[in-house]
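**Q** Take a look at the following structure, please.
The values are calculated or read from the model by the stated rules, or taken from the named source; none is laboratory data. Owing to the predicted nature of the structure, the values given are computational and were not obtained by experimental measurement. Positions of Cβ are generated from backbone atoms using ideal geometry, with glycine treated the same way; all protein chains shown enter the neighbour counts.
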Amino acid sequence: MNIDNIKKEFPIFDSKIQNNDLVYLDSANSSQKPLVVINRIYDFYTKEFSNVGRSVHYLSVAATNLYENTRSSVKTYINAKDKNEIVFTKGATEAINLVANTFGQKFLKKDDEVLLTELEHHSNYVPWHYLRKSKGIKIKFAEIDEHGDISLESVEKQITKKTKIIALTHLSNVTGAILPIKEIIELAHSKGIPVLVDGCQSAPHMKMDMQDLDCDFYAISCHKMYGPTGLGVLYAKKKWLEDLPPYQGGGGMISDVKKNDITYGELPNKFEAGTMATAQVIAFDESIKFLNRVGVDNLIEHENDLLQYGEEILRKNNSVKLIGNPKKKGAVLSFTIDGIHPHDIATILDEDGVAIRAGHHCCQILHDKLGLTASARASLGIYNTKDDLDKLNESINNCKKIFSR
Amino acid sequence: MNIDNIKKEFPIFDSKIQNNDLVYLDSANSSQKPLVVINRIYDFYTKEFSNVGRSVHYLSVAATNLYENTRSSVKTYINAKDKNEIVFTKGATEAINLVANTFGQKFLKKDDEVLLTELEHHSNYVPWHYLRKSKGIKIKFAEIDEHGDISLESVEKQITKKTKIIALTHLSNVTGAILPIKEIIELAHSKGIPVLVDGCQSAPHMKMDMQDLDCDFYAISCHKMYGPTGLGVLYAKKKWLEDLPPYQGGGGMISDVKKNDITYGELPNKFEAGTMATAQVIAFDESIKFLNRVGVDNLIEHENDLLQYGEEILRKNNSVKLIGNPKKKGAVLSFTIDGIHPHDIATILDEDGVAIRAGHHCCQILHDKLGLTASARASLGIYNTKDDLDKLNESINNCKKIFSR
Amino acid sequence: MNLKELYQEIILDHGKNPRNVGKFENFNKDAKGHNPLCGDKVHLFLKLDENKKINDISFEGEGCAISMASASIMTDLMKGKNETEVKEIISKFLDMIKEKDDIKSELLKDDEKMKLMSLGGVKNYPMRVKCATLSWHALTSALEDFQKEVTTE
Amino acid sequence: MNLKELYQEIILDHGKNPRNVGKFENFNKDAKGHNPLCGDKVHLFLKLDENKKINDISFEGEGCAISMASASIMTDLMKGKNETEVKEIISKFLDMIKEKDDIKSELLKDDEKMKLMSLGGVKNYPMRVKCATLSWHALTSALEDFQKEVTTE
Ligand SMILES: Cc1ncc(COP(=O)(O)O)c(C=O)c1O
Ligand SMILES: Cc1ncc(COP(=O)(O)O)c(C=O)c1O
């Protein structure tokens, strides 16, 4: 596969958006979808639709097989040990809420500590805050260094005897920092502390290997991985899924239901209550096939090239200030321009067809730390090209021109 | 619109399923999708895709407008007072979990009572059971009468001073009983008790009017309403949404995030954490347009006709025993056949292309009460015809023939 | 084999008139199996002698023709087998039901193989595979003396 | 008007050099506004006389050019207006920003109308509408003496 032709697999780039070619630099928010994924949804609904699991008729059996097939594909893609360690959720946010809620219920009590980092997305903070409110736990934050990076040491510094779980991002959605997750997990495990990794931003851009990382929990958003909206994955080690109480209650997750008591089903059903996102799960198999077709090594090479190129041209562009300069960086270029608010930048870029995001990107703690209320962010996907980054740069210049009138 | 032609709008019926015409009688499980809905998903992903709410670029703004537009359409369809009373969830199961969890947190304590009925789906029992475990609340069940019906009196009998909420289904997914919800709500409110209605089975088949019903909460599954999978709606009165704590925590639902505290956003954002099921919400607007095009009165008339016809032929078929004979009934024909297990019935019917469901339909309490471990269920959708019911009957006869060899 | 062929005489016969039904007095092992999605239940009773040979075996249960026939056929042919033999037959049966076309085992006579293979029509039907294997998983756990109930979900 | 036209001189001028910035001594009403999605913030200060006429008005805040320009233009033209007048202007402005093409009000001079209409480019851009209306909602709540912070999300 020639990576330069890959844009052709994404139909969104076929049409003009407001008379412009689309320069989509908002993939950290959500990625565009390749035609194979979109077609799979179409075909499933038009020719094969049924709910999974609960009926014995042909369509339902076929849908169940397809659904479970995606579970196996995800297992293989992230190298989990067992397909029952893969739980489908409505997104990474739900995956993290599931862990915080059930782990909190069973293992956390007053004054226990949960260790996060200053890079965390609100999704990996608010659910822990709930436990602070309900149980009186404490939340600590490993601090970023001057490069917008989290080091092993900054995590180690915050670990105490009371630290019961560490929850942190693999790749920052603002600074692009890639954290030394494997080392952090080793350290944590040496002290008997489990680790949840927010893999939202890493999953689309890095090689994932659960058995090598040895993390306890890993949260993924399928819609950022060239998959459909409304779908996420929680990877969790089997022993945790066995140990933790169920999260939502409903159909499909029970074993025996009596008026006075209820017992729960086996893994992974125990954590998949109610009718799941059937069509989305089934279509996500095509996203994984697509990623395999591209090859994760090619993907990494291509995106690293782009990232370097982007950094270069933006660094040359005086008045653009890049946010963060971490040792290892992936897929994200956040910046500010003196005297122009990020929202105004985004609006003006949009007029040129350049789609970026402005705001705090659900990372208010980090922006506070950096003394910012907002930043502009261009983020990369497999379909981006150097040309896109040139257009970004041009449009930034245009923006400066308007504001210096 | 001629209702007899409506099957043509559902592409699933165009192709043979295992060499048979599909006789789909499993709509209570999940309905098939009209082409307009499927096309909307396709078009959105191929030409318009972006995440909602968080970016200011054109595609994102357009997607946000479409997303909010569906919220308005739902509001109108169910006659809610305010569009911010509509919360999108991943399904009815999540909607009920949301209420049980947040209402339970704030308003329930040891020995308080939650009143359900024996007709409830596990989705409207397990979440309350969690509170029994965590808080020591009590769960009571209004009992069915010999027709598989729940009367106002049977509910009234179980209300005590300690009853803090009543949660019950509008239309039973097994007996088809339509409950006297409006009367029950009036009674409950006269005693200051709020009511949650599980509207999963009623929403696709009945006229909904939240202001007339005056219920406090109403849970809907979009995938049973000719909409995409992975989507549900929680209707809740504004005062409740304002009063209740948030459910899942994450991006989009916050107001201000500091290291020591967090404040939450306005309605309905407070209850929509993380990236939502964007494409599904946007496509659901087409489901509502479709339903409006059909007209709820036509729909009711058509389905009542079918139900009567189905009841007639199955009653004539000796050895078929219909389950439940409620005063008002909708869309569901559950039955058993002496000497043939429902699973075997469903398997044999499937060979003739007749898709029904066998099992306890997530209603184990009800099946226990009826002395059954399982039943067979044929359920109706707008696309069904009398011909479908004739085929059901033929296939049942075929089944009896095989088993009497 | 398609699913309707599944309901051939062997299955219907064992399904409607299952053998070895009912608890017997002096059993020394038992195990329950339960399929929560369809409600099928089985309770196995065994008498193992000092050499771990099955002296007697029976079951109680309720469920579809497939699960009842499977329990009936299984109990019929396990009588008199020792632990090693039982385990081999279980594993061969599970292979067949999930993927293989036939059963190769020195321990089974041709007509026994025939009976077992009559259950093979459930292949590719995960819901029905669970019916067919319920009692077999229960037997495994009875031998391993698991305390907890087996579910095939 | 397209969005780029939005950044015309009036807006850029007020956005870069907002008028009436800073808390003044003897204010007797204030209110905060906050847009959680983009972080825009505004804090309004008012001095109302006994007839509810605005004697003085100023703001502190941070945000994009649109929200700063909007606060600047608003405070400029509200000075000296009484409560009834203020309310009418707010309501006319909000109508315009959401759907109408122009502003009809006896209370505004033509050049004032022009300035307000320069903000009209945000129509159909819900995120930017929130920027443009933030200070206006804060003014409403200052008059109604709400205790809680206004959010435009
Ligand atoms: C009466 C009833 N309640 C709740 C549910 C749960 O809905 P969902 O599975 O879409 O969450 C269903 C459907 O399965 C139902 O029929
Ligand atoms: C680092 C990070 N964590 C969590 C999330 C939440 O993911 P989702 O919105 O898909 O639930 C996101 C994306 O928004 C993210 O970038």
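**Q** Checking residue D:113 against (1) closer than 22 Å to residue D:31 by Cβ; (2) not in a loop (DSSP other than H, G, I, E, B), which single condition isn't satisfied?
**A** Here residue D:113 meets the rest and fails (1).
**Q** Could you list all residues from segment B:361-405 that are in a helix (DSSP H, G or I) and among the hydroxyl-bearing types (Ser, Thr, Tyr)?
**A** Scanning segment B:361-405 gives a single hit, B:395.
**Q** Another question, then. If we only count helices (runs of 4 or more DSSP H) wholly inside segment A:46-138, which ones have 3 or more residues that are within 15 Å of ligand 2 (Cβ to nearest atom), at pLDDT 95 or above and touching a Phe, Trp or Tyr at 6+ places or on another chain (Cβ under 9 Å)? Break it down stepwise before answering.
**A** Details: elements: A:58-77, A:92-107, A:126-135.
Counting at least 3 such residues, we get A:92-107.
**Q** Going by the structure shown, is residue A:74 under 19 Å from residue C:122 (Cβ atoms) and buried (at least 22 other Cβ atoms within 10 Å of the Cβ)?
**A** On the way: under 19 Å from residue C:122 (Cβ atoms): no; buried (at least 22 other Cβ atoms within 10 Å of the Cβ): yes.
For residue A:74, the condition - under 19 Å from residue C:122 (Cβ atoms) and buried (at least 22 other Cβ atoms within 10 Å of the Cβ) - is not met.
**Q** Kindly indicate whether residue A:219 is within 16 Å of ligand 2 (Cβ to nearest atom), over 30 Å from residue A:38 (Cβ atoms), in contact (Cβ under 8 Å) with a residue 60 or more places away in the chain and within 14 Å of chain B (Cβ to nearest Cβ). Walk me through how you get there before you give the answer.
**A** Numbers: within 16 Å of ligand 2 (Cβ to nearest atom): yes; over 30 Å from residue A:38 (Cβ atoms): no; in contact (Cβ under 8 Å) with a residue 60 or more places away in the chain: yes; within 14 Å of chain B (Cβ to nearest Cβ): yes.
Judged against the criteria, residue A:219 is not a match.
**Q** Would you be able to say whether some residue in segment C:63-81 is part of a strand (DSSP E or B), more than 9 Å from every other protein chain (Cβ to nearest Cβ) and not charged (D, E, K, R)? I'd like the intermediate steps shown before the answer.
**A** Taking segment C:63-81 and keeping what is part of a strand (DSSP E or B), we get none.
Within segment C:63-81 (the criterion being part of a strand (DSSP E or B), more than 9 Å from every other protein chain (Cβ to nearest Cβ) and not charged (D, E, K, R)), the answer is no, since none of the residues qualifies.
**Q** Tell me which residues, restricted to segment B:41-60, are surrounded by fewer than 22 Cβ atoms within 10 Å (Cβ to Cβ) and not aromatic (Phe, Trp, Tyr).
**A** B:43, B:46, B:47, B:48, listed by residue number.
**Q** Shifting gears a bit: Starting from segment A:148-172, keep only residues that are within 14 Å of chain B (Cβ to nearest Cβ), then list their pairs with residues that are outside any loop (DSSP other than H, G, I, E, B) and away from ligand 1 (no atom under 16 Å from the Cβ) whose Cβ atoms are within a distance under 6 Å, requiring at least 6 positions of separation or different chains.
**A** A:158/A:115; A:158/A:140; A:158/A:142; A:167/A:116; A:167/A:124; A:167/A:196; A:169/A:198
**Q** Something else about it: Checking the conditions here, which among A:49, A:13 is touching a residue at least 40 places away in the same chain (Cβ under 8 Å) and within 7 Å of chain B (Cβ to nearest Cβ)? Write out each step before concluding.
**A** Values: A:13 fails: within 7 Å of chain B (Cβ to nearest Cβ).
On inspection, the qualifying residue turns out to be A:49.
**Q** When you look at residue A:336, is it free of Cβ contacts under 8 Å to residues at least 60 places away in the same chain, assigned to a strand (DSSP E or B) and either polar (S, T, N, Q) or farther than 19 Å from residue A:370 by Cβ (or both), yes or no? Break it down into steps so the answer makes sense when it comes.
**A** Values: free of Cβ contacts under 8 Å to residues at least 60 places away in the same chain: yes; assigned to a strand (DSSP E or B): yes; either polar (S, T, N, Q) or farther than 19 Å from residue A:370 by Cβ (or both): yes.
Considered against the rule, which asks whether it is free of Cβ contacts under 8 Å to residues at least 60 places away in the same chain, assigned to a strand (DSSP E or B) and either polar (S, T, N, Q) or farther than 19 Å from residue A:370 by Cβ (or both), residue A:336 comes out as yes.
**Q** Scan (1) surrounded by 21 or more Cβ atoms within 10 Å (Cβ to Cβ); (2) at positive phi; (3) facing chain A (nearest Cβ under 9 Å) for the single condition residue B:18 breaks and write down its number.
**A** (1)
**Q** Of all residues in segment D:7-18 being buried (at least 16 other Cβ atoms within 10 Å of the Cβ) and outside any helix (DSSP H, G or I), which is nearest to the other protein chains (Cβ to nearest Cβ)?
**A** Per the stated criteria, the residue is D:7.
**Q** Identify, from the list B:63, B:95, B:142, the residue that is more than 8 Å from every other protein chain (Cβ to nearest Cβ) and out of contact with any strand residue (DSSP E or B) (no Cβ under 9 Å at 6 or more places or on another chain).
**A** Working: B:95 fails: out of contact with any strand residue (DSSP E or B) (no Cβ under 9 Å at 6 or more places or on another chain); B:142 fails: out of contact with any strand residue (DSSP E or B) (no Cβ under 9 Å at 6 or more places or on another chain).
Just a single option satisfies the conditions, and that option is B:63.
**Q** With respect to residue B:386, is the statement that it is surrounded by fewer than 22 Cβ atoms within 10 Å (Cβ to Cβ), more than 14 Å from chain C (Cβ to nearest Cβ), in contact with a strand residue (DSSP E or B) (Cβ under 7 Å, 6 or more places away or on another chain) and not aliphatic (A, V, I, L, M) true?
**A** no
**Q** Still on this structure: Quick check: is even one residue across segment A:177-193 assigned by TED's automatic domain parsing to the domain that holds residue A:265 and either within 16 Å of ligand 1 (Cβ to nearest atom) or in contact with a Phe, Trp or Tyr (Cβ under 9 Å, 6 or more places away or on another chain) (or both)? Please lay out each step first, then the result.
**A** Here is the first cut: in segment A:177-193, the residues assigned by TED's automatic domain parsing to the domain that holds residue A:265 are A:177-193.
The next check asks that each one be either within 16 Å of ligand 1 (Cβ to nearest atom) or in contact with a Phe, Trp or Tyr (Cβ under 9 Å, 6 or more places away or on another chain) (or both); those that pass are none.
No, segment A:177-193 contains no residue that is assigned by TED's automatic domain parsing to the domain that holds residue A:265 and either within 16 Å of ligand 1 (Cβ to nearest atom) or in contact with a Phe, Trp or Tyr (Cβ under 9 Å, 6 or more places away or on another chain) (or both).
**Q** Answer yes or no: is there a residue in segment B:365-372 that is in contact with a helix residue (DSSP H, G or I) (Cβ under 7 Å, 6 or more places away or on another chain) and either on the phi < 0 side of the Ramachandran plot or at the interface with another protein chain (Cβ under 9 Å from one of its Cβ atoms) (or both).
**A** Start the filter on segment B:365-372 by keeping residues that are in contact with a helix residue (DSSP H, G or I) (Cβ under 7 Å, 6 or more places away or on another chain), which leaves none.
Looking through segment B:365-372, none of the residues is in contact with a helix residue (DSSP H, G or I) (Cβ under 7 Å, 6 or more places away or on another chain) and either on the phi < 0 side of the Ramachandran plot or at the interface with another protein chain (Cβ under 9 Å from one of its Cβ atoms) (or both).
**Q** Only one of A:325, A:304 is polar (S, T, N, Q), outside the structural domain of residue A:208 (by TED's automatic domain parsing) and not in a loop (DSSP other than H, G, I, E, B); which?
**A** Details: A:325 fails: not in a loop (DSSP other than H, G, I, E, B).
It is A:304.
**Q** Quick check: anything in segment D:97-109 crowded, with 24+ Cβ neighbours inside 10 Å and closer than 27 Å to residue A:347 by Cα?
**A** Restricting attention to segment D:97-109, the residues satisfying the condition of being crowded, with 24+ Cβ neighbours inside 10 Å are none.
Checking segment D:97-109: not a single residue is crowded, with 24+ Cβ neighbours inside 10 Å and closer than 27 Å to residue A:347 by Cα.
**Q** Output the qualifying pairs, or none if there are none: Cβ atoms under 6 angstrom, residues six or more apart or on different chains, first residue in segment B:79-104 and within 16 Å of residue B:195 (Cβ to Cβ) and within 16 Å of ligand 1 (Cβ to nearest atom), second residue assigned to a loop (DSSP other than H, G, I, E, B) and aliphatic (A, V, I, L, M).
**A** none
A quick yes/no check of all residues on (1) more than 7 Å from every other protein chain (Cβ to nearest Cβ); (2) outside any strand (DSSP E or B); (3) in contact (Cβ under 8 Å) with a residue 24 or more places away in the chain:
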| residue | (1), (2), (3) |
| --- | --- |
| A:270 | yes, yes, yes |
| A:285 | yes, yes, yes |
| A:293 | yes, yes, yes |
| A:299 | yes, yes, yes |
| A:311 | yes, yes, no |
| A:314 | yes, yes, yes |
| A:343 | no, yes, yes |
